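Below: the structure, in structure tokens.
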Amino acid sequence: MVGSYANGAGLGKKGAAEGKLDELRRRLGKAEGDPLRIAGVGAGAWGSVFCALLQDAYGRDHRDKAQVRVWRRPGRAVDRATAEHLFEVINAREGVLRRLIRRCAYLKYVEARLGDRTLYADEILRDGFCLNMIDTPLCPLKVVTNLQEAVWDADIVINGLPSTETREVFGEIGRYWKERINPPIIISLAKGIEASLDPMPRIITPTQMIANATGVPLENILYLGGPNIASEIYNKEYANARICGADKWRKPLSKFLRQPHFIVWDNSDLVTHEVMGGLKNIYAIGAGMVAALTNESATSKSVYFSLCTSEMIYITHLLAEEPERLSGPLLADTYVTLLKGRNAWYGHKLAKAELTLEMGDSIKGKGTIQGVSAVNAFYELLSQGSISVTHPETKKHVAPVELCPILKTLYKILIKRELGTSSILEAIRDESMSDPRERIEMAQRQSLYRPSLLGLPKVK
């Protein structure tokens, strides 16, 4: 029966959720009657789904103990074609249709379908529709368009912004938090990096951007990544993830975030997971190109996979002294992103000439293609002669990017626009290409770690 709990099983789950909520509230020192305030910043597909998961788990049944709200910018209009499609989605789902009728919200979708009204992204998100994921209705969400109102008293902030927007928005948030006594916990979902070349080449990850912009200590800033596709997670496809960061919060948060269909483990290696989060988006664009150009050849895709993962391993050894192995959830996250994600979709569309580079990296219905900016950042960083490595064959000092032919090719396709998409096939079919195992062994054998790339002092 809809809305009831068969044999008390639902009540048991409700009680378990309340127990986890109470435990985290105690750790945060929340007083009775003072709800745990969770604020999502950014409302892309994954950011919206993540907040909707928390609303379903805690905000709906325990409103006196937890409140979930989402900030997104106002004023983004929904075009006529999207409004028409949204109307079809609503009418194809009886539960959604009944919910909108009960909330007296159905008529505006009829009017938008007829072209008599303009809908806005923040407006439809309140009803559970993310503009980047129209086909997967979510639960209704509290949406705030004033950033200060959204975050000023938040206990937990979810960064659902693209990495390219994280610094700017959290710079503004930092001004609102100047008078705060206790810093919030921040969980970043962003995947990507920035490269800073002056005075020394180094990367800046989203958690570092947030720390620099807000003054929140790094022990309170964590990264969550995992092998998941946002729409599938909300539809309760079984998935797992890792929350990475300092000991203080990662274990309590992994327990708080865990749900029967969404298992969250914890890990201390923040650097490797954030770097891999950026790298997988880069190589996913190439994976989409290879799939399109070879008519989904399993052999070609597997060759590409072996080559790109060896480059990823090589790069992480430059950035972490003892990086987490590319296995388990890290490998699975790479696999699913190369298989089915917006970056792979983008590469596929480029190769099929259904999109062009002139259209930019913010695509209607998909959001920001974060792999594009990551290509530029990693190439700029790894092309610096000041961080040279020894070439295994010539024994000469070269920039690290010279040992990453796929990254070089993607840079020439996407950033310099010197090559066409078919060049990715030439890169993986190069007869002089070394066995990817050799690149991995070299990364593990040589002392590649460059702490300066993270802004850390040189190891003596």
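Points worth noting:
- Shape call, the stretch 1-157: gyration tensor on alpha carbons, a/c limit 1.5: oblate
- Accessible surface ranking for Glu438, Glu111, 1.4 angstrom probe, highest first: Glu438, Glu111.
- Counting only protein heavy atoms and a probe of 1.4 Å, the accessible surface of the chain is 49% carbon and sulfur.
- Taking every protein chain into account, the 1.4 Å probe leaves His397 with about 140 Å² of accessible area, to the nearest ten.
- What the Kirkwood sum gives for the chain is a hydrodynamic radius of 23.3 Å, with every pair of different alpha carbons counted.
- The stretch between Ala16 and Lys352 holds 116.1 nm of extra length on full extension. This uses 0.36 nm per residue minus the Cα-Cα distance.
- Order of exposure, largest accessible area first, which applies to Asp61, Asp135 with probe 1.4 Å: Asp135, Asp61
- Value of Rg to Rh for the stretch 168-278 (Rh from inverse mean 1/r over Cα pairs, i.e. Kirkwood): 1.00
- C-alpha center-to-center spacing [the stretch 270-337, the stretch 146-220] in angstrom: 26
- With 0.36 nm allotted per residue and the present C-alpha distance subtracted, the Thr299-Glu88 stretch has 72.1 nm of extension available.
- Relative contact order (percent, whole number), the chain, Cα cutoff 8 Å, 6+ residue spacing: 13
- Helical contribution to [θ] at 222 nm, DSSP H n ≥ 4, -39,500 (n - 2.57), averaged over the chain, rounded to 500: -14500 deg cm²/dmol
The values are calculated or read from the model by the stated rules, or taken from the named source; none is laboratory data. If you're wondering where the values come from, they're calculated on a predicted model, not measured in any experiment. Just the protein is used for accessible areas: all its heavy atoms, side chains included, with ligands, DNA and RNA removed. Shrake-Rupley method; radii C 1.70, N 1.55, O 1.52, S 1.80 Å.
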